[in-house]
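Please read the structure below before turning to the comments.
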Amino acid sequence: MSDPFGQIGQFFLNLLTGLGVEAGLASFLLKVAGAAALATGCLFSTFFLIWAERKLLARLQDRLGPNRTGPFGMLQTIADFAKLVTKELIFPSGVDRPVFLLAPLLVVMSVVGIWAVVPFAPRFIASDVNVGVLYVVSVGSIGTLGIMLAGWSSNNKYALLGAFRTVAQLVSYEVPMVLVMLVPVMLSGSMGMVAIVEQQRSMWFVVLAPIAFILFYITSLAENGRAPFDLMEAESEIATGYNVEYSGLMFGMFFVAEFLHAFTIGALATTLFLGGWLGPGVDRYPLLGLVYFLGKSAVIWWSIIWVRMSLPRIRIDQMLALNWKFLTPLALGVVVVTAVADKVGPAGTLGRTVVQLVGNGVVLAFTLLALRAYAARLRNRPTLATPPAASTSLGAPAQ
Amino acid sequence: MTPLQIVFLFVAAFTLLSALLVVTRPNLVHASLWLIAALAGVAVLFVLLEAGFLAAVQVVIYIGAIAILIIFAVMLTRRVMSDSGPQVNRNWWGAALSALLIFGGLLGLFSQVPAVGSAFPAAIANADGLLEDLGRSLVDVNRYVLPFEVASVLLLAAMIGAIVIARPAAREEGEE
């Protein structure tokens, strides 16, 4: 029982070679089958994720949520899916057909592709590439391309506006996200996902780099395009945005990508900062690692839904100002602190840990002071005009 | 033929075809999409050569940044949906000449690589070590730190230039 996933792979390999398939071809076929199984599994899990998210949203809003189709409404997503599949795929006039068809594929691909390097449990990872973190960034950037093409090929000005907003948002927030992803890389000394998890045996990186974790969380929310960063599909402003002309299953693919991305953020945050599959007893029973991993990811995923339900959408100037004037400098500061601590001593030594924690504390103190000064300036800023005496407008001061 | 060779031939043919379509498609956005396809093909070739780092960098920089920039520029500058203008201008001979020169130069360079003669290049023994060496050489004073820093200063200058151009000339309006 020490290596169940390896044993399954070995079993199928033996089966194929027993059928007379050449060894090299057999392992190649097995890899193709593994990739297909992982991708299909991810996509099927969205059936459950969408139902769970709708149920959670409903509870947070004091509603019941889907409860008619099947036990606890669990079959609701399948019913919705059946509806989407049977709907007509509408191609408006002037649509650039091949690009229009390609865009949802790219968006789904960019999310499913990330799961290729996610370590579920010890020795249970599709591909432990030594540049795992860089791979995540590169695959994620393909999604931007897909959304952009969707907006452009639709021949609709609202779709194009949504696409422009998307590029402004996704490309901007990628900068601090990549910067803070460097922090676990520096702490572990590797870009491989398995090595990053293994290095957290003594201490999770969320303790050593709390600011980096929060920054990763915020920027991931923006990359996902969820509230409060859902400017790219603002129903009230630009008639939904980049996917306004999509119908049927092609719209469903954007939908699936967004919901799967929310859980993917949980998986990445767990791997990079929360110790991945590490937990008590995981070395004896590797399957326990899967439970720990999914549990930690689910907590992050749940908090994303909570944020989505609690915060209103921010304006586009606020979105850009937050990124370039606040998150990016902070991310640079955290990276500098981690680099300085890296020079103090090897990983795990007392000196390095102390420098790391004190540095984070100093950065945090400066951040809070800067925020306080900013808030004070906002409070004291002159109002546009002195309000009339008997004002009834909501924005006017009391006197 | 091993599966690897079949995949290689397929990807190589796909890359070449995409590169051809980049220059022959009349629609600029389609051309840039084929450019992305060609760049992705090169990334897959890197993967087949077990150069995972180069493959990831290829996707991040060329597809994630440069191709998106090109598409963005095309979308913002021209009415490409109905664009069917001439595909060549009078500088085509210069472009053809430089392409030929680069191709010849690369061919000459590759003919000096020892692995070119062998049927199938052997796998690199210490790929991670090579990667570490690449990283160290970029920050080593005796090696490539100067070109590396010059490149970053160039990028910084371009960024400042863009900000200067985008800035309104005087404080006409706005709170900032």
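Across chain A, where is the longest run that never hits GluC sites (Glu not before Pro) in a DSSP loop with at most 16 other C-beta atoms within 10 Å?
Numbers: sites that count: A:Glu22, A:Glu88.
The longest uninterrupted stretch comes out as A:89-399.
Would you order A:Lys31, A:Lys343 from fewest to most other beta-carbon atoms within 10 Å of each residue's own beta-carbon?
Values: A:Lys31 14, A:Lys343 8.
Starting with the residue having the fewest Cβ neighbours, the order is A:Lys343, A:Lys31.
Under the definition of partner shielding as Cβ atoms of other protein chains within 10 Å of a residue Cβ, what is the mean value for peptide B:69-75? Please report the intermediate quantities before stating the final value.
On the way: counts 2, 0, 6, 7, 0, 1, 7.
For this peptide, the per-residue mean of nearby foreign Cβ atoms is 3.
Return one quarter of the surface area of the convex hull spanned by the alpha-carbon atoms of segment A:73-202, equal to its mean projected area, in nm².
Working: hull surface 44.4 nm².
Over all viewing directions, segment A:73-202 projects a mean Cα-hull area of 11.1 nm².
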Listed residues A:Thr69, A:Thr219, A:Thr46, most fluctuating in chain A (Gaussian network, C-alpha, under 10 Å): A:Thr69
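Please go through segment A:141-209 and write out the trypsin sites (Lys or Arg not before Pro) that DSSP classes as loop and that have at most 16 other C-beta atoms within 10 Å. Don't skip to the answer; put the middle values down first.
Working: sites: A:Lys157, A:Arg165, A:Arg201; in loops: A:Arg201.
Listed in order of number, the matching sites are A:Arg201.
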Residue of A:Ala23, A:Ala257, A:Ala37 that the Gaussian network model of chain A assigns the largest fluctuation, springs spanning Cα pairs under 10 Å: A:Ala23
Centroid-to-centroid separation of segment A:218-297 and segment B:1-65 [C-alpha atoms, Å]: 28 Å
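So how do A:Trp324, A:Trp204 line up by other beta-carbon neighbours within 10 Å, fewest first?
Working: A:Trp324 14, A:Trp204 17.
Final ranking by Cβ density, sparse to dense: A:Trp324, A:Trp204.
In the neighborhood of A:Ile305, defined by Cβ-to-Cβ distances under 11 Å, what is the net charge if each Lys or Arg adds +1 and each Asp or Glu adds -1? Working shown, then result.
Working: positive: A:Arg54, A:Lys55, A:Arg59, A:Arg226, A:Arg308; negative: A:Glu53.
Computed value for this residue: +4.
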Gap separating the Cα centres of segment A:29-102 and segment A:165-185, nearest whole Å: 27 Å
About the Cα centre, charge dipole magnitude for segment A:232-319 (Lys/Arg +1, Asp/Glu -1 at Cβ), debye: 420 debye
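Rounded to the nearest 20 debye, what is the charge dipole size of chain A about its Cα centre when +1 sits on each Lys and Arg Cβ and -1 on each Asp and Glu Cβ?
Values: 26 positive and 20 negative charges, 202 e Å.
Taking the Cα centre of chain A as origin, the dipole is about 980 debye.
Can you give the calculated 222 nm mean residue ellipticity of the protein assembly as shown, where each DSSP H run of n ≥ 4 adds -39,500 (n - 2.57) and the sum is split over every residue, rounded to the nearest 500 deg cm²/dmol?
-22500 deg cm²/dmol
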Dipole of the protein assembly as shown, positive end: most advanced residue of B:Val11, A:Phe44, A:Ile314 [Cβ charges, Cα centre]: A:Ile314
Within 10 Å of each Cβ in A:156-169, the average number of Cβ atoms from other chains: 1
Distance (nanometres) between label positions extended 7 Å along Cα→Cβ at A:Phe44 and B:Phe14: 2.6 nm
Local electrostatic count at A:Thr264 - Lys and Arg +1, Asp and Glu -1, tallied over other residues with Cβ under 13 Å: -1
Net dipole in debye of segment A:1-148 [+1 Lys, Arg Cβ; -1 Asp, Glu Cβ; about Cα centre; nearest 20]: 480 debye
Within a Gaussian network of chain A (alpha carbon springs, distance under 10 Å), most fluctuating of A:Ala227, A:Ala375, A:Ala321: A:Ala375
Spin-label model distance (nm) - A:Leu378 vs A:Ser93, 7 Å beyond Cα toward Cβ: 4.8 nm
3J(HN,Hα) from dihedral phi, segment B:155-165, Karplus parametrisation 6.51/-1.76/1.60, rounded to Hz, x for glycine, proline: 5, 4, 4, 4, 5, 4, x, 4, 5, 4, 5
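A short reminder: the numbers here are calculations on the coordinates, not readings from a lab. Note that the structure is a prediction, hence the values are computed from the model and not measured. Because the Cβ atoms are built from the backbone with ideal geometry, glycine has one as well, and the counts that use them run over all protein chains shown.
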